[in-house]
Amino acid sequence: MSGCCGCGSDDVVFEGMSKAYRRALWAVILINGAMFFIEMAAGFGAGSMALKADALDFLADTATYALSFYVIGKAARVRASAALLKGISLALMGFWVFGSTAYQVLVIGVPEASIMSTVGVLAFVANMASVGLLYRFRDGDANVRSVWLCSRNDAIGNIAVVIAAAGVWQTGTGWPDLIVAAIMAGLFCWSSFQIVRQGVGEIRAAAA
């Protein structure tokens with residue numbers, strides 16, 4: 001795929017300057033905002049840290065997409081700095097996910113598997129809608145790419161939540177929830193590294 005999403009040259013990096021991308025971003029903001037409230041309520045009801053973690057990821061992504069929308073058309077350094085902020089916050093969320101899930105498993109108790117699986121499937125459908133909207137914009141500058149990586153991570157995370165629910169139901173323990181949360185945390189941190197690396201490169205290029 002061309003780096004500019006159809007601009008006609010692979011040397012041009014797509015910066016989000018298209019009406020189609022803006023429409024897709026608005027739709028994804030609404031989807032993620034709604035799913036945060038739905039999944040967080042379910043997470044408290046089920047006592048599942050995997051669901052709560054995924055809900056917070058929806059919230060973080062809503063803020064990420066809103067910030068991404070705001071910096072479209074601004075200077076390259078501004079866009080890259082916004083991507084850096086999103087990358088760092090993604091890493092922090094990864095550490096929070098693992099720590100809070102460990103507390104759930106070791107201190108609080110076993111989550112409710114049936115609620116985990118039901119809401120996990122609903123969240124997966126919502127995230128696949130977002131992935132479908134953003135797929136053709138997956139390449140671009142750090143700001144655009146951070147949006148794609150967040151959406152992709154959400155879809156993977158939802159599959160992981162359903163797997164965790166099956167594991168909790170089979171074993172009667174919270175350890176599958178912890179293992180899945182650890183994998184999600186690792187994914188967050190890896191995506192954070194990719195975003196930060198690209199953002200730093202773009203800031204250096206802008207300064208040069």
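The values are calculated or read from the model by the stated rules, or taken from the named source; none is laboratory data. All values derive from a computational prediction rather than experimental measurement. Because the Cβ atoms are built from the backbone with ideal geometry, glycine has one as well, and the counts that use them run over all protein chains shown.
Observations on the structure shown:
Quick grid of which residues meet (1) surrounded by fewer than 16 Cβ atoms within 10 Å (Cβ to Cβ); (2) at pLDDT below 80; (3) within 17 Å of PHE124 (Cβ to Cβ):
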| residue | (1), (2), (3) |
| --- | --- |
| GLY45 | yes, yes, no |
| ALA53 | no, yes, yes |
| ALA82 | no, yes, no |
| GLY87 | no, yes, no |
| GLN104 | no, yes, no |
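- Restricting attention to segment 119-130 and to residues that are crowded, with 16+ Cβ neighbours inside 10 Å and of a type outside the set (Gly, Ala, Ser), the residue that is nearest to SER191 (Cα to Cα) turns out to be ASN127.
- Test result for GLY16, modelled with pLDDT under 85, in contact with a helix residue (DSSP H, G or I) (Cβ under 6 Å, 6 or more places away or on another chain), buried (at least 18 other Cβ atoms within 10 Å of the Cβ) and outside any helix (DSSP H, G or I): yes
- Screening ARG138 with (1) buried (at least 19 other Cβ atoms within 10 Å of the Cβ); (2) under 30 Å from ARG77 (Cα atoms) gives one miss only, at (1).
- Residue list for segment 142-189, filter: within 15 Å of VAL119 (Cβ to Cβ) and free of Cβ contacts under 8 Å to residues at least 24 places away in the same chain: ILE163
- Across segment 154-192, the qualifying residues are those that are of a type in the set (S, T, N, Q) and part of a helix (DSSP H, G or I), and the one among them that is nearest to MET35 (Cα to Cα) is ASN158.
- Qualifying residue in segment 159-166 (condition: in contact with a Lys or Arg (Cβ under 9 Å, 6 or more places away or on another chain) and crowded, with 23+ Cβ neighbours inside 10 Å): no
- Residue within segment 88-101 that is touching a Leu at 6+ places or on another chain (Cβ under 6 Å) and under 28 Å from TRP175 (Cα atoms) present: yes
- Residues in segment 57-99 that are touching a Lys or Arg at 6+ places or on another chain (Cβ under 8 Å) and free of Cβ contacts under 8 Å to residues at least 60 places away in the same chain: LEU67, PHE69.
- Test result for ARG197, at pLDDT 75 or above and over 23 Å from the mean Cα position of the chain (by Cα): no
- In segment 49-72, the residue that is nearest to ASP177 (Cα to Cα) out of those that are out of contact with any Ser or Thr (no Cβ under 9 Å at 6 or more places or on another chain) and hydroxyl-bearing (Ser, Thr, Tyr) is THR62.
- If the condition is being in contact (Cβ under 8 Å) with a residue 40 or more places away in the chain and in a helix (DSSP H, G or I), then segment 128-139 contributes ALA129, SER130, LEU133, LEU134, ARG136, PHE137.
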